[in-house]
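A short write-up of the structure that comes next.
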Amino acid sequence: MTLDDAAVLAARMADYRATRAEIERHILPLATSIDGHAFDVQASLYDLELRRGGYVVLEQAGRAWLGQVTDLGVAARPAGGAGAPGTDAVTVRLAMGSGVVLDGDGTPFHDATVRPAAPAEVGERLGRGPARRAGLTVGELLLAPGVPAVLDSGGLGRHTFMCGQSGSGKTYSLGVLLERLLAETTLRVVVLDPNSDYVGLGRLREGADPALAARYAPVLDEVAVWRNDAAADHPLRLRFADLDLAVRAAVLGLDPVRDREEYAVLSDIVRSQEAGRPLITDAEQLLRAETRGARELGQRAVNLGVLEWRLWGPDLPSLVGELREPTARCTVVDLGSLDTLQEQRLVAEAVLSTLWEARLSRRPCLVVIDEAHNICPAAPPDDVSRLATERAVQIAAEGRKYGLYLLTSTQRPHKVDQNVVSQCDNLVLMRMNSAADLADLGRLFSFVPPGLFAGATAFGLGQALVAGKVLPQAAYVQMGRRVSEEGGGDVPATWAARRG
Ligand SMILES: Nc1ncnc2c1ncn2[C@@H]1O[C@H](COP(=O)(O)OP(=O)(O)O)[C@@H](O)[C@H]1O
Ligand SMILES: [Mg+2]
């Protein structure tokens, strides 16, 4: 190539780039919908104002609708179609996306102009319609600051799945949701609390918003925390007799086939009653029992360390009794206060089983399972865990018709039994970096516009994609502030401060 050739080529390239930039700058923000509901949108990549999850006003022929952009990406197109003469060989890049009309009436439109909606417009257009049920204001719309994010409390009559990586704000946000639910509705709540995070639900936090605190005040006396502490208001205790045969066998490591004889003895003990009272109420009594074979079972319990559990408390009011005949509006089961993982699994199993057995009373109850990958894991590590998981699956599949609603939270969606996850009709997705997990969630929660999942990788603390019956128009939400005390919580990071 001669110098002249190079100069000609450089000039051609410069020309090409200038033409392309000129066309790219002039691409109009336009939207088209053939059903008045879903729309396709295009816009220039220069000074792009559209955002994934953001709100737009679509205008055509004097009419306007509120829309939400649910997906957005970069596309390349031959410019010929743009109509500019001599541009056939130019490829232009533009923003292409899709969205949904939020307040449409099904009228199709073509080449409607698109502009970002001001928060006030979003608030006004979304706020229409009379509220039949209590609204739970859990925060504000992330992409329309100042516009309250109001969940339909009735939507919690479906199961809810909450997930996000560790530190994304799940526990805090779940706390916000529970506080609003307790303050605004009459639904009973039972919380399985592996990290002692909700033990402060009955105490106002310092500096709480006064208006929220006033709404929450009546709830303070309605919260009962069951804790592994003999001096607590509600010591977390179980009686051996409260457990099903299968659970007692699992605690003693008995297999009905392999350990036929011991299992039969246990089964006899469970069946034999004296004047309606179980003969053996506490595991320790096995050691002193007259029944043939019972002492061997007792020895087994000793060897397994089961008799050392502080959990056994034949004389104290048991948690199982409270679950059967509730006296408190909100029962927090402080699993984190228990000494061993086995005790935690056993209590979780007992709570889920008791709620399931009491289902015929048809008392509506929200069953909250934090750290669900430990309570109903996809691969249970032992028999008690397996029984707990089976109960959770049963409640997920059939609980709704008896008023048992699940709210499960986890940082590892694929480690929770998928029969639980797949029954959830509400999703609260917080920050999540794993592309594989997001793809799985997209398949499981196909009612959510797929493009919205990608936003979860960029979420900050307390930001969530909320979708489902609680919020039919899926949205990015910035969760609000807690009113009650955060429990257990993290170890303060003050050690990182520079030494003076
Ligand atoms: N919306 C929020 N506003 C203020 N602090 C928050 C908010 N959400 C979470 N935090 C704080 O961030 C930390 C991590 O939140 P946490 O709820 O424990 O995360 P996760 O349960 O997902 O691991 C906690 O110290 C919590 O107090
Ligand atoms: Mg947590």
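Looking at Ala350, Ala379, Ala328, just one residue is hydrophobic (A, V, I, L, M, F, W, C) and either part of a helix (DSSP H, G or I) or within 16 Å of ligand 2 (Cβ to nearest atom) (or both), and that residue is Ala350.
Flag not set for Lys469, criterion: out of contact with any helix residue (DSSP H, G or I) (no Cβ under 8 Å at 6 or more places or on another chain), assigned by TED's automatic domain parsing to the domain that holds Leu192 and more than 16 Å from ligand 2 (Cβ to nearest atom). Here is the figure for the range 195-218: residues that are in contact with a helix residue (DSSP H, G or I) (Cβ under 6 Å, 6 or more places away or on another chain) and either of a type in the set (Gly, Ala, Ser) or within 16 Å of ligand 2 (Cβ to nearest atom) (or both) total 4. Examine the range 219-230 for a residue that is within 16 Å of ligand 2 (Cβ to nearest atom), among the β-branched types (Val, Ile, Thr) and touching a residue at least 40 places away in the same chain (Cβ under 8 Å), and state whether such a residue exists. Looking through the range 219-230, none of the residues is within 16 Å of ligand 2 (Cβ to nearest atom), among the β-branched types (Val, Ile, Thr) and touching a residue at least 40 places away in the same chain (Cβ under 8 Å).
Restricting the search to the range 304-323, which residues are assigned to a helix (DSSP H, G or I) and either within 35 Å of the chain's Cα centre (by Cα) or modelled with pLDDT under 90 (or both)? Within the range 304-323, Val306, Leu307, Glu308, Leu319, Val320, Gly321, Glu322, Leu323 qualify. Exactly one residue among Arg400, Arg431, Arg481 is at negative phi, crowded, with 16+ Cβ neighbours inside 10 Å and within 13 Å of ligand 1 (Cβ to nearest atom), and that residue is Arg431.
What's the total number of residues in the range 124-171 that are of a type in the set (Lys, Arg) and in contact with a strand residue (DSSP E or B) (Cβ under 7 Å, 6 or more places away or on another chain)? Reasoning before the result, please.
Step one: list which residues in the range 124-171 are of a type in the set (Lys, Arg), which gives 125, 128, 132-133, 158, 170.
Keeping just the survivors that are in contact with a strand residue (DSSP E or B) (Cβ under 7 Å, 6 or more places away or on another chain) gives 125, 133, 158, 170.
Residues that pass the stated criteria total 4.
Being within 21 Å of Gly253 (Cα to Cα) and not small (Gly, Ala, Ser) is the filter here, so list the residues in the range 378-425 that pass it.
Step one: filter the range 378-425 for residues within 21 Å of Gly253 (Cα to Cα), giving 378-391.
Hits for the range 378-425 are Pro380, Pro381, Asp382, Asp383, Val384, Arg386, Leu387, Thr389, Glu390, Arg391.
Restricting attention to the range 116-145, the residues being modelled with pLDDT under 95 and part of a strand (DSSP E or B) number 1.
Report yes if some residue within the range 182-191 is under 30 Å from Ala439 (Cα atoms) and more than 10 Å from ligand 2 (Cβ to nearest atom); otherwise report no. Let's see the steps before the verdict.
Quick first cut of the range 182-191, residues under 30 Å from Ala439 (Cα atoms) only: 191.
Add one more test, that the residue is more than 10 Å from ligand 2 (Cβ to nearest atom), and what stays is 191.
Taking every residue of the range 182-191 in turn, at least one turns out to be under 30 Å from Ala439 (Cα atoms) and more than 10 Å from ligand 2 (Cβ to nearest atom).
I'm trying to understand the selection: among the residues of the range 160-180, which are β-branched (Val, Ile, Thr) and within 6 Å of ligand 1 (Cβ to nearest atom)?
Let us first name the residues in the range 160-180 that are β-branched (Val, Ile, Thr), namely 160, 171, 176.
Answer for the range 160-180, where residues must be β-branched (Val, Ile, Thr) and within 6 Å of ligand 1 (Cβ to nearest atom): just Thr171.
For the condition under 30 Å from Val223 (Cβ atoms), away from ligand 1 (no atom under 13 Å from the Cβ) and under 17 Å from the mean Cα position of the chain (by Cα), Asp440 does not qualify.
Quick one: which of Gly489, Gly500 is surrounded by fewer than 16 Cβ atoms within 10 Å (Cβ to Cβ), modelled with pLDDT under 95 and within 28 Å of Leu204 (Cα to Cα)? Walk me through how you get there before you give the answer.
On the way: Gly500 fails: within 28 Å of Leu204 (Cα to Cα).
Only one candidate qualifies: Gly489.
Only residues that are modelled with pLDDT under 90 and in a loop (DSSP other than H, G, I, E, B): list them for the range 257-287, please. The answer is Ser272, Ala275, Gly276, Leu279, Ile280, Thr281, Asp282, Ala283, Glu284. Taking the condition of a type outside the set (Gly, Ala, Ser) and either over 16 Å from Glu371 (Cβ atoms) or without any contact (Cβ under 8 Å) to a residue 12 or more places away in the chain (or both), does Arg412 pass? Against the criterion (of a type outside the set (Gly, Ala, Ser) and either over 16 Å from Glu371 (Cβ atoms) or without any contact (Cβ under 8 Å) to a residue 12 or more places away in the chain (or both)), Arg412 does not qualify.
The values are calculated or read from the model by the stated rules, or taken from the named source; none is laboratory data. A quick note: this is a predicted structure, and the numbers were derived from the prediction, not measured. Glycine gets a Cβ as well: all are built from the backbone with ideal geometry, and neighbour counts include every protein chain shown.
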